[in-house]
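Presented below is the structure to which this report refers.
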Amino acid sequence: MAKRVAFLQGNEAAAFGALYAGCDFFAGYPITPATEVSEVLSVELPKVGGKFIQMEDEIGAMAACLGAALTGSKVLTATSGPGFSLKQELIGYGCIAEIPCVIIDVMRGGPSTGMPTGPSQSDIMAARWGTHGDHPAICLVPASVQELFEETVRAFNLAETYRTPVIVLPDEIIAHMRERIVIPDAGELEVIDRRLPSVPPEEYKPYDTSFGDVPPLASFGSGYRFHVTGLNKMQDGFPTTKPSLVQAEQERQMRKVNANVDDIVTYEEYLLEDAEIAVVAFGSTSRSVRYAINVAREQGIRAGMFRIRTIWPFPDRQIRELSTRVRAIITPEMNLGMCTQEVQRCVEGRVPVQGLFRVDGEPINPDQILESLKKVL
Amino acid sequence: MAFDYEKYLRPEKLPHIWCPGCGHGIVMKGLIRAMDALQLDKNSTAIVSGIGCASRLPGYMDCCTLHTAHGRAPAFATGIKLAKPEMNVILVAGDGDMVAIGGNHFIHACRRNIDMTCIIMNNYVYGMTGGQFSPTTPTGQKASTTPYGNPDPTFDIAKLAIGAGATFVARGTSYHANQLGGLISQAISHKGFSVVEVLDDCPTTYGRRNKFRSVIQMMTRHKENCVPIKAAQVMSPEQLQGKVLTGILHKEERPEYCDEYARIIRLAQGAVR
């Protein structure tokens, strides 16, 4: 049978990706440039018996998602910079209470209201450290409409697998561009559901580590009665301040992601085999980089690209390895150096890391990258 | 036979954290009485709270319990109820939690008329953080952040709820303990967003600063200040001066949110035109 092909906007693709993954609950608050995700789901969710609610604010939207997730729903919210800032309180709640949920944050200029219709890649650190305290972060940075669909599906899978909030971080260019997309058939992409408890209700503990670093999560209303709190908690979900328990729980929550980076971290290598210069890029910027590298190759410059697809956990090992086989690294990004600092951390001074930053609401174009490539030669 | 409170409690989580003289335990007792009167299924009952002394109540209850972030309980609860409308959802909160930081979520839950019951334990103060003034602290009263007397006007929670669209609004007190269960059970039975404001007491951080010599004095002021709404109907304006009305203050029928959304689903699926 012929594949279903569509011409979709990135935000629309994200909404259809969510539906593909089994999303049955969306709560959001309108914000440019993420609104199309809500608009599509307001139409599509009730068709499949799912629920859509426009909440009174961004915090409420995040809260409603977490509440619905505890009843067993697969939940999504979509926002942009200022809304993402508001959501941070409850993203932290999702982290400590270990509630699966997916947040699409379409990056626009900032800080504060910034440039609502201008693209940026400036929420990188907000996605990692926006909420207070130590917590794991999983964050995906798609670079095409097709990838935004597929990464939204993967975000749901990761959220359910690791019982944690997962962030999809397209920049405004990817979210608003229209591209040809091949919609996968049902069953073509893996769809993972959360692990439910195998023990009877009276034996269930929501944070029982005897089932591993990611304990099964029962649903409210399914016969399991349990307690959930944002306080540091014991295995039964009730608060504790006992130092050894708090330390162990915090470490487990980090470990459940950090011990599985190879399962989570994805990336693409483009013409890196014989490259002297590597460009490390993500999102829409990587498309300009690809073009620039093709031109550079025609001019005899041996350049290649390391494209980050999963920015958190950061591909530490791969970037470290990259720095042992190239002479220089260029890091173009639509912020003033957030990813660059991470690359420098991994490179540990082995080779120069040259940032190329733009925060004026315009994309980084291939000419700029080409110019940088020539400069570092 | 003595009433079996333990049927609804997690006895291993007791004793509770509330101070001697605090009214929150009386409210929990009222809630248990109401749940028993209605024979609510514990498996399909979610009790949701925010932050503060009152918000520790769910932990003692043997239900699906959720202790969330400050002020966010109505939004968490909205997610639970909309995702699983067959659940009974009960919110418990303090005055600061629900009408200060949670004010926006509270008024919109009232507006949506989503079928939940919201019990607000109004002890006029932020107790857990040490007695700072709240939006319901009477003007002129002392709190740890109003050392010269509270300059802020106070919220009337019941009026706020009615104005925002709650379809059942009642007020009780921790002194009138035996009536609380009845008010709460009527609130739970009501289809729509129901609010029960309970005039409560915090002797530790509020009473101490405001010349209540004893817990008994704090509690009996409810007896002296409150008038049942039925009794008020035959009282003169002069007699009602300074009094607070109790009982069911407002009740109306209006489409419930989850029902309305079920209609949207039927519409989207082509069953309704």
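The values are calculated or read from the model by the stated rules, or taken from the named source; none is laboratory data. Everything numeric in this text was worked out from a predicted model, so none of it was measured. Virtual Cβ from ideal backbone geometry, glycine too; neighbours counted across all protein chains shown. Heavy atoms of the whole protein, side chains included, go into the accessibility calculation; ligands, DNA and RNA do not. Shrake-Rupley method; radii C 1.70, N 1.55, O 1.52, S 1.80 Å.
Data for the structure
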{"read-out": "Options B:H222, B:H250: the member that is open to solvent by less than 50 Å² (accessible area, probe 1.4 Å), more than 20 Å from B:S174 (Cβ to Cβ) and more than 14 Å from chain A (Cβ to nearest Cβ)", "value": "B:H250"}
{"read-out": "Residue under evaluation A:S284, criteria (1) surrounded by 19 or more Cβ atoms within 10 Å (Cβ to Cβ); (2) within 14 Å of another protein chain (Cβ to nearest Cβ); (3) small (G, A, S), criterion not met", "value": "(2)"}
{"read-out": "Set A:I53, A:I91, A:I99: member being touching a residue at least 60 places away in the same chain (Cβ under 8 Å) and in contact with a strand residue (DSSP E or B) (Cβ under 7 Å, 6 or more places away or on another chain)", "value": "A:I91"}
{"read-out": "Set A:K47, A:K51: member being in contact with a Leu (Cβ under 6 Å, 6 or more places away or on another chain) and more than 30 Å from A:G212 (Cα to Cα)", "value": "A:K51"}
{"read-out": "Region B:260-273 - residue that is surrounded by fewer than 15 Cβ atoms within 10 Å (Cβ to Cβ) and modelled with pLDDT of 95 or more and, of those, nearest to the chain's Cα centre (by Cα)", "value": "B:E260"}
{"read-out": "Wholly within region B:18-108, helices (runs of 4 or more DSSP H) carrying at least 3 residues that are more than 8 Å from chain A (Cβ to nearest Cβ) and more than 21 Å from A:F226 (Cβ to Cβ)", "value": "B:24-38"}
{"read-out": "A:P184 being surrounded by 24 or more Cβ atoms within 10 Å (Cβ to Cβ), farther than 30 Å from B:H70 by Cβ and either free of Cβ contacts under 8 Å to residues at least 60 places away in the same chain or away from every other protein chain (no Cβ under 14 Å) (or both)", "value": "no"}
{"read-out": "Cβ pairs under 6 Å, 6+ apart, first in region B:203-217 and under 14 Å from B:P138 (Cα atoms), second hydroxyl-bearing (S, T, Y)", "value": "B:Y206/B:Y124"}
{"read-out": "Helices (runs of 4 or more DSSP H) wholly inside region A:239-338 that include at least 2 residues being among the polar types (S, T, N, Q) and modelled with pLDDT of 95 or more", "value": "A:243-258, A:285-298"}
{"read-out": "Leading residue by the ranking (surrounded by the most Cβ atoms within 10 Å (Cβ to Cβ)) among those in region A:187-211 that are free of Cβ contacts under 8 Å to residues at least 12 places away in the same chain and in a loop (DSSP other than H, G, I, E, B)", "value": "A:V199"}
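For (1) more than 9 Å from chain B (Cβ to nearest Cβ); (2) under 25 Å from the mean Cα position of the chain (by Cα); (3) open to solvent by less than 70 Å² (accessible area, probe 1.4 Å), each residue gets a yes or a no:
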site	(1), (2), (3)
A:F226	no, no, yes
A:K233	yes, no, yes
A:D236	yes, no, yes
A:T241	yes, no, no
A:E251	yes, yes, no
A:K256	yes, yes, yes
A:T266	yes, yes, yes
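So that you can scan it fast, the table gives a plain yes or no per residue for (1) open to solvent by less than 40 Å² (accessible area, probe 1.4 Å); (2) touching a strand residue (DSSP E or B) at 6+ places or on another chain (Cβ under 9 Å); (3) within 20 Å of B:A177 (Cα to Cα); (4) at pLDDT below 95:
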| site | (1), (2), (3), (4) |
| --- | --- |
| B:C19 | no, no, yes, no |
| B:V27 | yes, yes, yes, no |
| B:I32 | yes, yes, yes, no |
| B:L38 | no, yes, yes, no |
| B:D41 | no, yes, no, no |
| B:G50 | yes, yes, no, no |
| B:L57 | yes, yes, yes, no |
